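The values are calculated or read from the model by the stated rules, or taken from the named source; none is laboratory data. Since we're looking at a predicted model, the values are computed, not measured. All Cβ positions, even for glycine, are placed from backbone atoms using ideal geometry, and neighbour counts span all protein chains on display.
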Amino acid sequence: MSHSPRRLVAALAALTLGAAGAVAVTAPAAAASGDLLISEYVEGTSINKAIEIYNPSTASVDLGAAGYSLQMYFNGSTTPTTFALNGTVAADDVFVFAAGSTTSTNVDPVILAAADQTTTSSLFNGDDAIALAKNGVIVDVLGQIGNRPASGEWGTGLNSTADNTLRRAADTCVGDTNGSDVFDPSVGWVGFATNTFTGLGSHEADCALEPPTDPGPGGSADCAATTAVTIGSVQGSGTTTPVAGQNVLVEGTVVGDFQAGGFDGYYIQDAGDGNPATSDGVFVYAPGGAAVSAGDVVSVYGAAKEQFGLTEIVAADVEVCATGQALPAPQALTLPASTEQREALEGMYVTLPQQLTIGETFEYGRFGTITLTDGRQDTPTAVVEPGAAANALAAANLASSITLDDGRGSQNPDPAIHPDGELFTLDHSFRSGDLVQNATGVLDYRFDVWGIQPTEGADFTVGNPRPEVPEVGGDLRISSFNVLNYFTSIDPTPTNSGDDDYYRGADTAEEFQRQQDKIVSALADIDADVFGLLEIENNGTAVQALADALNARVGAGTYVPVITGVIGGDAIATALIYKPATVSPVGGFQLMTSAVDPAWLDNRNRPGLTQRFVSTESGEEFVVSVNHLKSKGSACSESPDLKDGQGNCSATRTAAAKALTTWLNETVAPDGRAIVIGDLNSYDHEDSIGEFVKGGFTDLEKQFGGEHAYSYVFDGQSGYLDYALAQPELTADVTGAAAWHINADEPSLIDYDMSFKQPAQDALYAPDPYRSSDHDPVIVGLKLTPPDVTPPTIEVTADQSVIMPPNNKAVPVTFAVDAADESDGDVTVELTGVEVTGGGSWTQTGDRTATVKAVNGAVYRFTWTATDAAGNTATDTVTVVVGQKGQKAA
């Protein structure tokens with residue numbers, strides 16, 4: 001029971017080509033049925049560890065019901081750590097138990113694709129014994145129980161248990177039940193180099209096989225036969241072949257030849273059976289068989305089989321009937337397409353006539369695959385609410401997506417092939433968002449996905465060219481940048497995976513320099529005044545090293561870090577660097593932790609690094625808070641995946657967002673001038689981002705980039721995890737915000753990492769910003785103006801400055817007020833004082849009117865005050881006198 005469809009197994013038997021063109025196959029020798037046994041052992045880098053278990057019998061085995069378990073004896077112990085096994089392993093099939101990805105470390109996708117059961121518990125190293133037990137009784141063992149080899153491994157070279165893959169010899173059908181005897185991996189095992197996973201998920205053994213799986217003598221290919229059945233009858237109208245295990249004779253034209261490159265076979269297609277629900281093409285598995293070419297008409301005799309969802313015929317005999325024949329016209333396949341529509345074309349020669357968009361490129365370097373989608377796809381919770389709407393969009397996205405493979409089953413293929421069929425180079429590359437049309441080849445099903453195995457290059461159009469640094473305006477820039485595990489500490493034991501939970505960055509000094517050069521190129525081009533950095537080593541010195549490297553590029557002293565030392569307990573941290581020429585810290589940094597609010601879980605979220613700055617030019621202050629919330633990649637016991645599109649730990653992130661919002665609003669930045677940046681591991685329609693919005697923060701990427709803004713591509717779908725969220729007062733100063741798409745759209749093949757690449761692919765590197773990380777940096781522009789300290793102007797006149805005659809009557813006075821401010825802002829004016837001498841009295845009758853009593857010799861002084869929007873004030877006083885006596889008094 002294994003989900004890995006890559007059949008990288010040895011040939012079933014030696015095949016020879018006869019003079020008449022027929023190919024005969026000798027069946028494997030049968031062996032007595034034995035118990036289950038360990039067929040493959042993977043001890044790779046990091047946590048890439050797996051145990052493959054083979055069933056050599058003729059009956060399926062329910063592992064749980066039979067009481068099977070793996071026992072691991074760590075460091076020479078005689079007391080095992082036991083892992084109960086669950087699932088079913090079919091006859092002549094395998095079951096893979098493997099390490100699962102953790103919050104900090106990912107397992108290689110090849111292992112995960114093959115795995116039937118995973119665990120995040122610590123697994124074995126090269127000096128640990130492993131036993132397969134049935135109801136507590138050992139049925140097979142690798143290593144020597146109770147013994148810990150001084151060298152750290154059993155065996156030497158490739159045939160050793162440390163940093164290697166061991167594969168059981170094909171003639172071993174019964175396990176080693178003696179765990180106390182000396183273990184020699186050179187006997188009965190074949191060794192392979194570190195991180196060899198190509199055989200995981202299938203095993204060749206000369207053991208007892210059921211007759212349907214092992215076509216024996218008695219049948220042969222025959223070009224003149226009239227008994228050949230249609231391929232449609234082998235395929236059937238359902239998801240599996242209706243004749244699994246039966247020997248069949250078919251004839252068809254070779255429409256796709258993939259005998260080289262790892263598939264060990266080819267696809268043939270016949271004229272059809274008239275049933276549109278049944279496919280007319282099928283894969284012929286013929287390792288080491290007679291060479292055929294596209295356009296050959298062949299007769300094939302062999303057993304029908306369902307290989308991980310792909311119907312195939314295991315060739316026992318092949319005869320070439322004709323060569324150089326025209327291929328059938330490719331069947332048009334348009335997206336969206338249902339599973340039923342794809343099943344009806346499985347193994348057939350097809351073409352994709354639509355202009356499709358390149359979506360996912362992550363596995364291009366490792367496996368040569370990309371995804372094509374009907375238009376650029378959004379991550380569901382980036383555009384719709386979690387729940388039914390998100391799940392519906394996810395299903396629609398899947399129906400409108402298909403893989404474009406490269407016709408090879410090997411890892412790290414060389415050369416890398418561009419979708420147009422030419423060589424991939426730095427000058428002939430592609431990005432997510434580019435366009436592909438008329439992809440033509442065979443519709444195939446591998447790794448649980450539908451894909452095209454191309455037989456020719458497709459039409460390619462650049463649809464998403466590399467952009468320049470976004471223009472965000474303003475006179476000061478803030479940027480958030482996830483630097484993808486920038487570690488100055490190089491793994492001292494790169495072949496020992498036991499310490500990889502800490503050493504997450506470059507494995508060698510050369511890799512580190514490649515990584516640093518790319519990051520520095522991006523930072524230099526962004527030229528921000530304040531950078532918030534994420535996934536930087538939490539050793540207290542990495543941020544200084546990166547600042548020094550950046551200064552070596554842009555000028556000494558240009559950037560300095562906020563010195564925090566080690567913060568929190570994770571291997572990675574958040575960090576800040578800034579330009580002292582343009583901004584200065586105000587006070588010390590602050591950290592958002594559970595000490596501030598218990599709702600912030602320190603074992604889930606990294607401490608939120610928060611610092612107030614002041615602009616050197618304007619004197620305006622603002623707060624930058626850099627945060628990295630819990631990822632979706634691993635489960636939280638307190639917040640399981642609700643299957644609503646938000647993934648693991650949504651409630652944990654939401655609680656953290658609420659705690660951070662409250663702290664900033666009430667304690668750190670009650671002036672409303674804070675900005676939250678960083679990787680919040682949430683798309684913008686998710687609950688955690690809703691907490692920020694409810695707290696008064698503005699999502700700047702949505703404000704300036706719209707609903708389809710993005711900074712990250714996952715599974716071919718775009719959205720943003722990297723944020724700039726501003727409080728109201730600071731939002732008023734924002735002139736623009738955008739992600740710079742230098743990373744998310746670029747294939748990982750061009751990144752710094754040399755772990756899995758062949759030399760030709762290592763050479764596909766340039767010290768430029770592109771693919772410096774997997775997240776795009778976000779840039780925000782601010783226009784900070786100096787505080788307005790200039791008072792407004794005001795001039796007041798009265799329509800009667802001298803009142804005659806002094807008759808002691810009430811006389812109306814009207815005032816004309818002229819007030820203005822240089823900022824052209826609003827100015828308010830009010831009467832703020834009246835001084836009366838020489839007797840008399842007055843009454844205000846309106847905003848600009850009053851009455852005064854005409855008492856001879858009275859003097860009235862009216863003072864008016866103008867106030868601008870910044871609170872600056874100015875006054876003017878106008879005097880009103882009564883009679884000649886008043887004139888003399890004034």
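Just one residue in the set Gly256, Gly295, Gly252 is in a loop (DSSP other than H, G, I, E, B) and touching a residue at least 12 places away in the same chain (Cβ under 8 Å); that residue is Gly295.
Yes/no per residue for (1) farther than 28 Å from Ala573 by Cβ; (2) touching a Pro at 6+ places or on another chain (Cβ under 6 Å); (3) not small (Gly, Ala, Ser):
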| position | (1), (2), (3) |
| --- | --- |
| Ser688 | no, no, no |
| Thr698 | no, no, yes |
| Glu707 | yes, no, yes |
| Gln727 | no, no, yes |
| Trp740 | no, yes, yes |
| Asp751 | no, no, yes |
| Ser755 | no, no, no |
| Pro759 | yes, no, yes |
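Could you tell me whether region 795-802 includes any residue that is touching a strand residue (DSSP E or B) at 6+ places or on another chain (Cβ under 9 Å), acidic (Asp, Glu) and part of a strand (DSSP E or B)? Yes, some residue in region 795-802 is touching a strand residue (DSSP E or B) at 6+ places or on another chain (Cβ under 9 Å), acidic (Asp, Glu) and part of a strand (DSSP E or B). Checked against the criterion of being of a type in the set (S, T, N, Q) and closer than 26 Å to Ala763 by Cα, the candidates Thr440, Thr425 yield just one match: Thr425. Any residue in region 807-817 that is surrounded by 13 or more Cβ atoms within 10 Å (Cβ to Cβ), touching a helix residue (DSSP H, G or I) at 6+ places or on another chain (Cβ under 7 Å) and closer than 19 Å to Gly883 by Cα? No, there is no match, as no residue in region 807-817 is surrounded by 13 or more Cβ atoms within 10 Å (Cβ to Cβ), touching a helix residue (DSSP H, G or I) at 6+ places or on another chain (Cβ under 7 Å) and closer than 19 Å to Gly883 by Cα. Here Gly309 qualifies as modelled with pLDDT under 95, under 37 Å from the mean Cα position of the chain (by Cα), within 23 Å of Asp93 (Cβ to Cβ) and outside the structural domain of Gln453 (by TED's automatic domain parsing). So is Gly825 exposed (fewer than 14 other Cβ atoms within 10 Å of the Cβ) and at pLDDT 95 or above or not? Answer is no for this residue. Scanning region 514-551 for residues that are under 25 Å from Pro467 (Cα atoms) and free of Cβ contacts under 8 Å to residues at least 24 places away in the same chain turns up just one, Asn551. Just the residues that are crowded, with 20+ Cβ neighbours inside 10 Å, touching a residue at least 60 places away in the same chain (Cβ under 8 Å) and of a type in the set (A, V, I, L, M, F, W, C), please, taken from region 38-95. Hits for region 38-95 are Ile38, Val42, Ile47, Ala50, Ile51, Ile53, Leu70, Val89, Val94, Phe95. Keeping to region 695-721, report how many residues are in contact with a helix residue (DSSP H, G or I) (Cβ under 8 Å, 6 or more places away or on another chain) and in a strand (DSSP E or B). So the answer is 5. Are any of the residues in region 676-690 part of a helix (DSSP H, G or I), over 20 Å from Val472 (Cβ atoms), of a type in the set (Ser, Thr, Tyr) and in the same structural domain as Asp745 (by TED's automatic domain parsing)? Yes, region 676-690 contains a residue that is part of a helix (DSSP H, G or I), over 20 Å from Val472 (Cβ atoms), of a type in the set (Ser, Thr, Tyr) and in the same structural domain as Asp745 (by TED's automatic domain parsing). Considering (1) in the same structural domain as Thr311 (by TED's automatic domain parsing); (2) within 41 Å of the chain's Cα centre (by Cα); (3) of a type in the set (Gly, Ala, Ser); (4) modelled with pLDDT under 95, the lone condition that Gly219 does not fulfil carries the number (2). For region 781-802, which residues satisfy the criterion of being touching a Phe, Trp or Tyr at 6+ places or on another chain (Cβ under 9 Å) and more than 18 Å from Ala866 (Cα to Cα)? Across region 781-802, the qualifying residues are Leu782, Leu784, Asp799.
Assessment of region 543-554 against the conditions (out of contact with any Asp or Glu (no Cβ under 8 Å at 6 or more places or on another chain) and either assigned by TED's automatic domain parsing to the domain that holds Asn48 or not in a helix (DSSP H, G or I) (or both)) yields no matching residue.
Restricting the first member to region 116-138 and to residues that are in the same structural domain as Ser39 (by TED's automatic domain parsing) and under 28 Å from Phe308 (Cα atoms), and the second to residues that are at pLDDT below 90 and among the charged types (D, E, K, R), the beta-carbon pairs closer than 7 Å and six or more apart or on different chains are Lys134/Asp35.
Hey, could you check region 335-356 for residues that are touching a strand residue (DSSP E or B) at 6+ places or on another chain (Cβ under 6 Å) and among the polar types (S, T, N, Q) and say which is nearest to Tyr266 (Cα to Cα)? Filtering first and then ranking leaves Thr351. Annotation: of all residues in region 859-872 being over 14 Å from Gly833 (Cα atoms) and touching a residue at least 40 places away in the same chain (Cβ under 8 Å), the one that is farthest from the chain's Cα centre (by Cα) is Thr867. Among residues of region 774-787 that are basic (Lys, Arg), those with a Cβ under 8 angstrom from a residue that is in a loop (DSSP other than H, G, I, E, B) and surrounded by fewer than 24 Cβ atoms within 10 Å (Cβ to Cβ), sequence gap 6+ or separate chain, pair up as Lys783/Gly473; Lys783/Gly474; Lys783/Asp475; Lys783/Asp733. Candidates Ser688, Ser711: the one that is over 18 Å from the mean Cα position of the chain (by Cα), under 15 Å from Thr381 (Cβ atoms), surrounded by 19 or more Cβ atoms within 10 Å (Cβ to Cβ) and of a type in the set (Ser, Thr, Tyr) is Ser688.
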